[in-house]
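Take a look at the structure set out below.
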């Protein structure tokens, strides 16, 4: 019996669908296991990433607690216990914790009159480029202050000159040391210029501004009026 065109179309469609099913079955038999393995690996990687991130947060929390505990030990005078905890944190993968631990250890060294040890710790922070610039500049100023009497005046100037600029957060301490170094080099004009700028800068601590006024005056620069005017504005 001849097949009608409509029946031919239905037959072809059924054959085509059957061929598709056969191809799909063949592909699954060939590659299905690989597909499952790929999904499993993806899920394992995803789970591993979530676990690693969670563990990193847990470690950060633990390190934060350890740092607080160490600082509490320092405040209560239990420096041996504090030092043990700080030693661990100096190896932290968290730059902020590592820097704080090193700076705290340096302060403890200063209290123990171990200035060379303190300078070495400050240097470690100041030269660690993985740390934020704020930590590095703080350490550089503190290191220079500790080493000030041993350094040549020009070495102090070269080290701190970038920070001894009006408006810089470290202008007070850095500027004062640079100005004194200029005096040691018999450059009173350069020293007077910095002392006058220190006296004018409202961001500089009052103790440093007061000394700057006196030093500027001794060098022939009258900075009293400017400082007094700034004080009146602040009232």
Exercise for the section: Could you list 204, 156 in order of exposure, starting from the residue whose Cβ has the fewest other Cβ atoms within 10 Å? Expected result: 204, 156
Exercise for the section: Calculate the translational D of segment 151-235 in whole µm² s⁻¹ from Stokes-Einstein, where the hydrodynamic radius comes from the Kirkwood formula applied to all Cα pairs, the temperature is 37 °C and the viscosity 0.692 mPa s. Expected result: 261 µm²/s
Practice task
State whether segment 58-146 is rounded, prolate or oblate according to the following rule on the C-alpha gyration tensor (a ≥ b ≥ c being the square roots of its eigenvalues): a/c under 1.5 gives rounded; otherwise a/b larger than b/c gives prolate, and the remaining case gives oblate.
Solution key: oblate
Exercise for the section: Enumerate the residues in segment 86-108 having an amide nitrogen under 12 Å from the point lying 7 Å beyond the Cα of residue 65 toward its Cβ. Expected result: none
Practice task
Fewest Cβ neighbours within 10 Å first, please rank 130, 69 accordingly.
Solution key: 130, 69
Fill in the blank from the handout: Taking only the Cα positions of segment 120-196, the convex hull volume per residue in Å³ is 74 Å³
Completion exercise
From fewest to most C-beta neighbours within 10 Å, the residues 171, 135, 148 line up as 148, 135, 171
Handout entry: Dimensionless Rg/Rh of segment 77-235 - Kirkwood Rh, Rg from C-alpha atoms
Key = 1.05
Completion exercise
The extension gain from residue 91 to residue 134, computed as 0.36 nm times the residue separation minus the Cα-Cα distance, is 13.5 nm
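Only the coordinates and a few stated rules stand behind these numbers; no lab work does. All figures in this text were calculated on a predicted structure; none of them were measured in a lab. Note that each Cβ is placed from the backbone with ideal geometry, even for glycine, and that neighbours are counted across all protein chains shown.
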